[in-house]
Amino acid sequence: MRGLVFLELVKMAEANFGEDRVDEVISAAPLPSGGAYTSVGYYDCAELLTLIKAFSEASDIAPRELERRFGHWVMDAFRKGYPDLFLQYGTASEMLEAIEEDIHVEVRKLYPDAELPSIKTVRQEDGRILVRYRSDRPLAAFCLGLIEACFSEFSEKATVKMDDKTAAGHGEAVFTINRE
C-alpha cells in the first residue's frame, strides 16, 4: 500500500488528536516501519490496520468508525489534490460508475504497480445503486466513507448501507445506495 495513504491517516489523526498524541500512539504501536512513512514508499496494509486500531484505542472511536471517517478524509484530499477530476462528472453516481474504467486507469498510469480494489457499480431499475467492492485489503469501512463523501462532494443526499462480506483478510462488501 502506498505511503501516501499512511501519511493521510497521520494527518487526519494530527488534525483530530494533536501531534503530540499522534507521536505517542505511533511510538507505542508495533509498526514494522517504526511509523516513518514516505509518500512513494510501500507498506503492508496490516500496518495501516494497526495504526487505525491504535488511534481508535487512543480516541475511544471504534476502529470501523475511524476507518469510515478516514474514507471521508481521503475523499477531501482527492478533491484538493485533483480538483479537475471532480469537474469531469456531473453527479456522484457518474463518478462512482467511472472508478473502474476511468479513474483506476488514470491511477495506473501514474502508479503502474498500484494494487487497486475492484469497484463495480450497477444501477437498479428501482433507482438504487449497488457498488460491489473487492480487495486483497479488508477496508470496507474505508470504502463506505469514500462513497458517503463522494455524495457530499456533489452536494447530494444519499443513504448508503453496507453489507460487509469481508473474510480471511480480504475485503468484500456490497453497498446499496438510495439517493434522496
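What to note about this one:
- The residue that is nearest to residue 23 (Cα to Cα), among those in region 35-49 that are hydroxyl-bearing (Ser, Thr, Tyr) and surrounded by 16 or more Cβ atoms within 10 Å (Cβ to Cβ), is 37.
- Which listed residue, of 112, 138, is closer than 23 Å to residue 66 by Cα and either of a type outside the set (Ser, Thr, Tyr) or out of contact with any Ser or Thr (no Cβ under 6 Å at 6 or more places or on another chain) (or both): 138
So that you can scan it fast, the table gives a plain yes or no per residue for (1) β-branched (Val, Ile, Thr); (2) touching a Lys or Arg at 6+ places or on another chain (Cβ under 9 Å); (3) surrounded by 14 or more Cβ atoms within 10 Å (Cβ to Cβ); (4) closer than 19 Å to residue 70 by Cα:
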{"site": "142", "(1), (2), (3), (4)": "no, yes, yes, yes"}
{"site": "166", "(1), (2), (3), (4)": "yes, no, yes, yes"}
{"site": "175", "(1), (2), (3), (4)": "no, yes, yes, yes"}
{"site": "180", "(1), (2), (3), (4)": "no, yes, no, no"}
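- Leading residue by the ranking (nearest to residue 75 (Cα to Cα)) among those in region 1-33 that are exposed (fewer than 14 other Cβ atoms within 10 Å of the Cβ) and of a type in the set (A, V, I, L, M, F, W, C): 15
- Residues of region 147-180 that turn out to be outside any strand (DSSP E or B), of a type in the set (A, V, I, L, M, F, W, C) and touching a residue at least 24 places away in the same chain (Cβ under 8 Å), as a count: 5
- Residue among 52, 61 that is among the β-branched types (Val, Ile, Thr), part of a helix (DSSP H, G or I) and within 19 Å of residue 139 (Cβ to Cβ): 52
Table: residues versus (1) modelled with pLDDT under 95; (2) assigned to a loop (DSSP other than H, G, I, E, B); (3) under 18 Å from the mean Cα position of the chain (by Cα); (4) surrounded by 13 or more Cβ atoms within 10 Å (Cβ to Cβ).
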{"position": "72", "(1), (2), (3), (4)": "no, no, yes, yes"}
{"position": "76", "(1), (2), (3), (4)": "no, no, yes, yes"}
{"position": "79", "(1), (2), (3), (4)": "yes, no, yes, yes"}
{"position": "84", "(1), (2), (3), (4)": "yes, no, no, no"}
{"position": "101", "(1), (2), (3), (4)": "yes, no, no, no"}
{"position": "108", "(1), (2), (3), (4)": "yes, no, yes, no"}
{"position": "115", "(1), (2), (3), (4)": "yes, yes, yes, no"}
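The values are calculated or read from the model by the stated rules, or taken from the named source; none is laboratory data. Keep in mind the model is a prediction, meaning the values are calculated, not measured. Cβ sites come from the backbone with ideal geometry, for glycine too, and all protein chains shown count toward neighbours.
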